[in-house]
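Notes follow the structure.
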Amino acid sequence: MRAALVSSFGGPEQVEIADVPVPVPGPGQVRVRVAAAALNPVDAAVRSGLFGGDGRRLGLGWDVAGTVDAVGDGAGFTVGEEVVGLAHGPHKALGSHADHVVLDASALAPAPASADAVHAATLPLNGLTAAQALDLLALSAGQNLLVTGAAGALGGYAIQLAVRHGLNVTALAGTGDEELVRSLGAHRFVPRTATSLPHGFDGVLDAAVLGAPALALVRDGGAYTGVRPPAQPPAERGVRTATVGVRADGARLATLATLVDLGALTLRVAHTHPLADAAAAHARHAKGGLRGRIVLVP
């Protein structure tokens, strides 16, 4: 089968499509025939060497939507089921940017019934990250949350989940993104180019990786959660600081898929590319300006 791999670090040109053996699921594992797999910033980070792993051949792809086509003992899924899942980890030999991928059954959930595979493939990584980041903030209904990078995939899910939790959400995003973030439920919009930003938030989810400038917007004793450990600012003024490290969680993913079917979560796709054009997809991703995920389709 085909898989997108990197053998040396660098730009999009380092992505290669290689022929590799079809993986076999072990006990508690499931093989998925990939229908669609989103391309995320973490894939570019793996490709560029941000996570290390020099000298190893690394598989790309974290998000997957597809069909179960083989199961190991005790996996709990059946052949033919439509699923979504998270192929977690920067140093895996095979990721979801492939014709097939093997995952632990605990990393999978039934796919949203209301979405096609291309859209469903945008849910696992960013949906779980948003949900787990909000868990770390531990805010209560009625409190005020600022989401930076609010127009991005992670920020969009964070807005919708936070509003559902009863939080008052302010979205920090580009000047052209007000209509988008308000459509996702944000109560207030602040352009990131504003010369003076509001302060005193109970919590900040820093999806834009602003670091210290975002922490400065939190009230004394509030909470800050980032998404990239090296950019986490030191705690100050009694503010709790944390960085979300996304975990595969099939049960939580199943809940998110249900929210998609209820119309409470919006799946956004910017472009699709054939798996064979993975390098071109990475090049397009590097240009930025996307309001949705690029999705690879085997």
Checklist outcome for this item: Net charge (Lys, Arg +1; Asp, Glu -1) of residues whose beta-carbon lies under 15 Å from that of V6, V6 excluded, is +1
Checklist entry - Based on DSSP H runs of at least 4 residues, each adding -39500 (n - 2.57), what is the mean residue ellipticity at 222 nm of the chain after dividing by all its residues, to the nearest 500 deg cm²/dmol? => result -6500 deg cm²/dmol
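Full-extension gain between D69 and L50, please, as 0.36 nm times their residue separation minus the C-alpha to C-alpha distance.
Working: separation 19, 0.36 × 19 = 6.84 nm, distance 3.33 nm.
Extra length from D69 to L50 when fully extended: 3.5 nm.
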Next on the checklist: Let's test the formula: R0 of 30 Å, r as the Cβ-Cβ distance of V22 and E81. What FRET efficiency results, to the nearest 0.05?
Outcome noted: 0.95
Item to check | Linear extension gain, R164 paired with A194, 0.36 nm per residue minus alpha-carbon span | outcome: 8.1 nm
Checklist entry - Taking θ as phi - 60°, what are the ³J(HN,Hα) couplings along the stretch 195-209 by the Karplus curve (6.51, -1.76, 1.60), each to the nearest whole Hz, with x for Gly and Pro? => result 6, 9, 9, x, 10, x, 6, 5, x, 10, 9, 8, 5, 8, 6
Checklist entry - Given H placed on each backbone N at 1.01 Å, which residues far from G61 in sequence or on other chains put an amide H within less than 5 Å of it? => result S96, H97
Checklist entry - How far is helix 250-261 tilted, in degrees, relative to the longest principal axis of the Cα atoms in the chain, given as a value from 0 to 90 rounded to the nearest 10? => result 70
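When Lys and Arg each count +1 and Asp and Glu each count -1, what net charge do the other residues less than 11 Å away from A212, Cβ to Cβ, add up to?
Here the count lands on -2.
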Next on the checklist: Considering only C-alpha atoms, what is the centroid distance from the stretch 265-287 to the stretch 147-215, in Å?
Outcome noted: 24
Checklist entry - Which ³J(HN,Hα) values, rounded to whole Hz and listed in residue order, are derived for the stretch 93-105 from phi using the Karplus coefficients 6.51, -1.76 and 1.60 in 6.51 cos²θ - 1.76 cosθ + 1.60 with θ = phi - 60°, glycine and proline given as x? => result 6, 9, x, 7, 7, 6, 6, 9, 8, 9, 10, 4, 4
Checklist entry - By the scheme Lys and Arg +1, Asp and Glu -1, what is the net charge of all other residues having a beta-carbon under 15 Å from that of R291? => result +3
Checklist entry - What shape does the stretch 180-223 take by its C-alpha gyration tensor, where a ≥ b ≥ c are the square roots of the eigenvalues and a/c under 1.5 counts as rounded, a/b above b/c as prolate, and the rest as oblate? => result prolate
Next on the checklist: On C-alpha positions alone, give me the angle between the axis of helix 153-164 and the longest principal axis of the chain, in degrees, nearest 10.
Outcome noted: 60
Checklist entry - Along the Cα-to-C-beta direction of R237, a point sits 7 Å from the Cα; which residues of the stretch 203-219 have their amide N less than 14 Å from that point? => result 203-204, 212-219
Item to check | Fully extended contour minus Cα-Cα distance, from D116 to A283, at 0.36 nm per residue | outcome: 57.6 nm
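Every number here is computed from the coordinates shown, using simple stated rules; none is lab data. Keep in mind the model is a prediction, meaning the values are calculated, not measured. Methodologically, a virtual Cβ is constructed for each residue, glycine included, from the backbone with ideal geometry; neighbour enumeration extends over all protein chains shown.
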